[in-house]
Amino acid sequence: MTLAVNEVSVPVDFDNTGEDIIHPPVLMTGEASYKRVTTLVSRIIEAPKAPAIWYPCFFLSAGLAGLLFALIGYEVFTGVGVWGNNSPQGWGFPIINFVFWVGIAHAGTLISAILLLFRQKWRTGINRFAEATTVFAVVCAGIFPGIHVGRPWFAYWLAPYPNIMGDWPNFYSPLLWDALAVGTYTTVSVLFWYLGMIPDLATLRDRATTRFRHTVFGILSMGWRGSARHWKIYDRALLVIAGLATCLVMGVSSTVSTDFAVSQIPGWHETIFPPLFTVGAIFSGFATILFLAYPVRAIFGLKSLITDRHLDNVAKITLFMASIVFYIYLIEFFTAYYSGSTMERYVYLNWMFGPYWWAAWAMLVFNGVIPQVLWFKKARKTWWIAAPVGLFCLAGMWCERFVIIISSITHDFLPSSWHHFVPTWVDYGMLAGSFGLFFTLFLLFCRFVPVVAMYEVKSILPQSHVHLPKAAGEKK
Amino acid sequence: MNDASQQIIKLGSRDELYLQNAGTRWMGIFAGIGIVALAAAFGVGASLHDHLRQFYFSYLTAWIFCFAIAASALFFVIGHHLFKSSWSSVVRRLAEGLAGNFVPLLVLFLPIIPGMRQLYPWMSRMYMNSSPDLHNKIGFLNPQFFALRMALYAAALIGISLYMRSASLRQDQDGKVKRLLNLQWHSAWCYLTIFWVINLVGADLVMTLQPTWISYIEPAFFFAATGMMVYAVLPLLAMALQAGGRLKDIITAEHYEDMGRWLYAWAMFWTYLGFAQYMLIWYANKPDETMNYLIRDMGPWVIITIVLFLGHFIIPLFGMLPRQCKRVKPLLAFWCIWLLFFGYLDFFERIQPQVWSATAAGRKAMAGVHKFNPYALPHSLAGLAWMPLHPAALLTSLLCLVGLVSLLLAHTFYLLQKGALLPIRDPKLPESIAFENF
């Protein structure tokens, strides 16, 4: 194939994970032209049919999502007794699921924003679907506190509004902080995601072959023409929102941690919870991407854009975050021992050897031990090792929330009030259903929205930076 | 591989890249100041007739401050390799010089040893047997295990810093890219090791000053206070060298801006962890936790607490925000000195209020932690808590600080004059020199 001036090419299967100190890395394999980037991404949306495997995945996910909504209906009409929640464990699976999903929800925006602020060019391959996971995880997370209040039709009482009863939310309660924080975060993350898509939506508008498609993408792209003025304002807006989103994510994930940490219950009252929840959010986000990126690029033929180097970097950061999470676990154990307090020590002994020992050990092994395999390059480059590691990390993070919420409060200060928590089939069904909802939305996103940020990938191609040294492996 | 001499010609003359005789001169000046200041600190401390109690606390505060500079510099160097950073290549050698101070720091730790019993109540077995909670900690808080831990920390810090610097200097000689690749390869485990060591030094040397107090976040909070230091010292060191005609066109406003941004980010990170600790302890209101803040809420200490909050967070939050504050050298120098001062004040407030617990009466009050009420302390004991703020005590602290920082700088100049002020054969150096912020 003849390439235009400055366009370069390496084979699609080119190993770009090698270390070359002098040359910048290759971040797109195959023919690295603007046109090919547009074609690779747009054809997924423009094709009359999705790839064959998309359909069974979608129907399975949609079925589980349907189960979730059916169970919500059952819970609303029957009452919260359908769950395993009982005194002293009033939080149960709904709040575990909420904290689990809100952790993933924090990750996508944070990943995208932080990588933007740190000038990490490889972010362009993964940022769009990282942000998408944020939005869909927020949807999953938001459902659970809404139904956990018992009478969801009164959930609006959380909002401060003037009323004839003179009721006003108690702002000393972290649950109120949480509602406001998550609400704000949802708004900003949707804005960040949508703002990032505008130029690509305009590309789809300009390529549209039907009036309907042209109208829909025309409305969504908000009149984007790609003028220099547009780009100047756009770049600045994206950078400002990235800066704000980074601070916001740290604030919101820390706020979620205060649901527990402001209490006096051993196992909940830990001053390290705010950074633990933030680090855990980033960790679970990278684990999600590590798990999802392999099937996405295989199913939609995006290996040129989501290259081995992208996944190698994702795996390295997952390992890094796992190490910090593991550090916090060890500090928790150390401090409980160091406190000399019988009650602080008991909590951790109960975690490890009490009735929910399996959750604590799973937390430690899945989050702390298994990710250590990613120290090895061969493991990072092998999809059937790296992707399951991502899945283990997600399972580990769910177990971490189980340990915090269930183990601590079922064995509090008063032994006479100890009570074993047993989840019901509704609890398990809702958990599975939330995954169904997440994957339903994610699969729809992959089919109908640009899954990779086309204009951002183009901005890092060599022809966009003709003054830089040539990339490693590039034709000289 | 490029010839080293050719690169040197491109970078500038030998006078611009090496300290040469100026290094010896500055080394002598700082060493002289350091010795005189420490001798004076000892003299003033002895004149307080408190069995050198205040001197030990002042010395420990200054030592922690110097440790923070060296440890953060080492963390910076390892991070540079781990993240394959290019902008920071021009200041890497200066950071390696600051990070090479762990052997002198180990020597300078020796004067603390005779004061251990004054500084750390847990050195007394009788004290540790005074309450069940304290008794439960004897497995960790005992002199033998403490010495073993310190030896391990020293071995890790000295070993890793020597490796980082020697490999870098050897690359100046032979120009092998493999050395840089090796440094990058080893940086991952070194990064985690040093992260742990800094956290544990904070737990061992600062948190245990008050053995009845715990906070899960305190080691990480100490790490945040430590990590900021290098970004305050590096720009000042670079400016001083440029004023002396070195590295003139190599370290540019672009590099200063990035160092300023990192300084800003660490100051805010410190606030984040500090607020998390304070707010959660305030909210839960447990006596074994609030005792740490109640003692800092008494008398003049509350003023220092408020000043620290304003100086380390609120004022830099807005003051450092404009881009020019990080690009214009005098403005950045002001903020570096500002945050160094507040960084020291932070360590001062972590360590020195514990002077009161170094007395028999203080230990008795602290051991009965569940009945602890600092507002009900005997007047003599409350007065003791404020002792570090008396003029003679402040002078002792100031002299200790000047003395130890001067000795640290003397050794830094000794290391810097042994090689070029830049990693002259680092393949990333051209990219680093040409670096521009977007």
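Considering (1) surrounded by 14 or more Cβ atoms within 10 Å (Cβ to Cβ); (2) in a helix (DSSP H, G or I); (3) of a type in the set (F, W, Y), the lone condition that B:W87 does not fulfil carries the number (2).
The helices (runs of 4 or more DSSP H) located wholly in the stretch A:166-269 that include 3 or more residues which are hydroxyl-bearing (S, T, Y), within 14 Å of chain B (Cβ to nearest Cβ) and crowded, with 20+ Cβ neighbours inside 10 Å occupy A:228-261. How about the stretch B:189-199: which of its residues are within 9 Å of another protein chain (Cβ to nearest Cβ) and touching a His at 6+ places or on another chain (Cβ under 9 Å)? The answer is B:Y191, and nothing else. For the stretch A:103-120, the tally of residues that are in contact with an Asp or Glu (Cβ under 9 Å, 6 or more places away or on another chain) and either among the β-branched types (V, I, T) or open to solvent by 10 Å² or more (accessible area, probe 1.4 Å) (or both) stands at 2.
Matching residues to (1) closer than 23 Å to B:L38 by Cβ; (2) modelled with pLDDT under 95; (3) away from chain A (no Cβ under 14 Å):
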position	(1), (2), (3)
B:A99	yes, no, yes
B:P121	no, yes, no
B:M128	no, yes, no
B:G139	no, yes, no
B:F146	no, no, no
B:A155	no, no, yes
B:I158	yes, no, yes
B:Q171	no, yes, no
B:G175	no, yes, no
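Go through the residues of the stretch A:25-45 one by one and say whether even a single one is closer than 22 Å to A:I126 by Cβ and within 14 Å of another protein chain (Cβ to nearest Cβ). Checked the stretch A:25-45: at least one residue is closer than 22 Å to A:I126 by Cβ and within 14 Å of another protein chain (Cβ to nearest Cβ). Identification of helices (runs of 4 or more DSSP H) wholly contained in the stretch A:321-429 with 3 or more residues that are within 13 Å of another protein chain (Cβ to nearest Cβ) yields A:342-353. Among residues that are out of contact with any Ser or Thr (no Cβ under 8 Å at 6 or more places or on another chain) and closer than 30 Å to B:A276 by Cα, A:L238 is included. Contact annotation: residue pairs with Cβ atoms under 9 Å, 6 or more positions apart or on different chains, pairing a residue in the stretch A:190-217 that is among the small types (G, A, S) with a partner that is open to solvent by less than 70 Å² (accessible area, probe 1.4 Å) and not in a helix (DSSP H, G or I), are A:G196/A:A453; A:A202/A:S221; A:A202/A:G223; A:A202/A:W224; A:A202/A:G226. Here B:W185 clears all of (1) under 23 Å from B:V107 (Cβ atoms); (2) within 11 Å of chain A (Cβ to nearest Cβ); (3) surrounded by fewer than 18 Cβ atoms within 10 Å (Cβ to Cβ) except the condition numbered (1). For the stretch A:430-476, the set of residues classified as out of contact with any Lys or Arg (no Cβ under 7 Å at 6 or more places or on another chain), assigned to a loop (DSSP other than H, G, I, E, B) and at pLDDT below 90 consists of A:L461, A:H465, A:V466, A:H467, A:L468, A:P469, A:A471, A:A472, A:G473, A:E474, A:K475, listed by residue number.
Listed conditions (1) β-branched (V, I, T); (2) in contact with a strand residue (DSSP E or B) (Cβ under 8 Å, 6 or more places away or on another chain); (3) open to solvent by less than 40 Å² (accessible area, probe 1.4 Å) are all met by A:I45, apart from (2).
With at pLDDT below 90 and part of a helix (DSSP H, G or I) as the only criterion, which of A:L110, A:L71, A:L60 stands out? Outline the logic, then answer.
On the way: A:L71 fails: at pLDDT below 90; A:L60 fails: at pLDDT below 90.
Matching residue, one of A:L110, A:L71, A:L60: A:L110.
Screening B:R149 on (1) open to solvent by 20 Å² or more (accessible area, probe 1.4 Å); (2) closer than 17 Å to B:L105 by Cα shows it passes everything except condition (1). Filter the stretch B:270-285 down to residues that are open to solvent by 40 Å² or more (accessible area, probe 1.4 Å) and either charged (D, E, K, R) or more than 7 Å from every other protein chain (Cβ to nearest Cβ) (or both) and give me whichever is nearest to A:T278 (Cα to Cα). Among those residues, the one meeting the criterion is B:F275. Is it the case that the stretch B:205-212 has a residue that's within 10 Å of chain A (Cβ to nearest Cβ) and either in contact with a His (Cβ under 6 Å, 6 or more places away or on another chain) or buried (at least 23 other Cβ atoms within 10 Å of the Cβ) (or both)? Yes - at least one qualifying residue is present in the stretch B:205-212. Looking only at residues of the stretch B:218-263 that are within 14 Å of chain A (Cβ to nearest Cβ) and open to solvent by 40 Å² or more (accessible area, probe 1.4 Å), we find that the one that is farthest from B:A70 (Cα to Cα) is B:R261. If you filter the stretch A:331-347 down to residues that are in contact with a Lys or Arg (Cβ under 9 Å, 6 or more places away or on another chain) and of a type outside the set (A, V, I, L, M, F, W, C), you find that the one that is surrounded by the most Cβ atoms within 10 Å (Cβ to Cβ) is A:G340. Going by what's in this entry, would B:I112 be described as among the aliphatic types (A, V, I, L, M) and within 14 Å of chain A (Cβ to nearest Cβ)? Taking the combined requirement at face value, the residue does not satisfy it.
Within the stretch A:78-102, restricting attention to residues that are assigned to a helix (DSSP H, G or I) and open to solvent by 20 Å² or more (accessible area, probe 1.4 Å), the residue that is nearest to A:Y185 (Cα to Cα) is A:V80.
Checked against (1) away from chain A (no Cβ under 12 Å); (2) crowded, with 19+ Cβ neighbours inside 10 Å, B:G202 passes all but condition (1). The helices (runs of 4 or more DSSP H) falling completely within the stretch B:1-78 that include 3 or more residues that are at pLDDT 85 or above and surrounded by fewer than 20 Cβ atoms within 10 Å (Cβ to Cβ) map to B:21-47.
Please work out if A:F413 is at pLDDT 95 or above and either surrounded by fewer than 24 Cβ atoms within 10 Å (Cβ to Cβ) or among the small types (G, A, S) (or both). Quick ask: steps written out before the conclusion?
Numbers: at pLDDT 95 or above: no; either surrounded by fewer than 24 Cβ atoms within 10 Å (Cβ to Cβ) or among the small types (G, A, S) (or both): yes.
When the stated conditions are applied, A:F413 does not pass them.
Residue-level analysis places B:K178 outside the set of residues that are open to solvent by 40 Å² or more (accessible area, probe 1.4 Å), touching a residue at least 60 places away in the same chain (Cβ under 8 Å) and closer than 30 Å to B:G419 by Cβ.
Residue by residue through the stretch A:18-33, note down the ones that are among the aliphatic types (A, V, I, L, M) and assigned to a loop (DSSP other than H, G, I, E, B).
The first filter runs over the stretch A:18-33 and keeps only residues among the aliphatic types (A, V, I, L, M), leaving A:21-22, A:26-28, A:32.
Passing the criteria: A:I21, A:I22, A:V26, A:L27, A:M28.
Would you pick out the residues in the stretch A:296-307 that are open to solvent by 40 Å² or more (accessible area, probe 1.4 Å) and in a helix (DSSP H, G or I)? Residues satisfying the conditions are A:A298, A:I299.
All told, A:A293 falls short of being open to solvent by less than 10 Å² (accessible area, probe 1.4 Å) and within 14 Å of chain B (Cβ to nearest Cβ). Within the stretch A:152-165, residues that are in a helix (DSSP H, G or I) and of a type outside the set (S, T, Y) reach partners that are modelled with pLDDT of 80 or more and open to solvent by 60 Å² or more (accessible area, probe 1.4 Å) with beta carbons closer than 6 Å, at six or more positions or on different chains, in the pairs A:A155/A:V149.
The values are calculated or read from the model by the stated rules, or taken from the named source; none is laboratory data. What you are looking at is a predicted structure, and each value in this text was computed from that prediction instead of being measured. For neighbour counting, all protein chains shown are included, and Cβ atoms are generated from backbone atoms with ideal geometry for every residue, glycine included. Heads up: the accessible areas ignore ligands, DNA and RNA and are worked out on the full protein's heavy atoms, side chains in. Shrake-Rupley method; radii C 1.70, N 1.55, O 1.52, S 1.80 Å.
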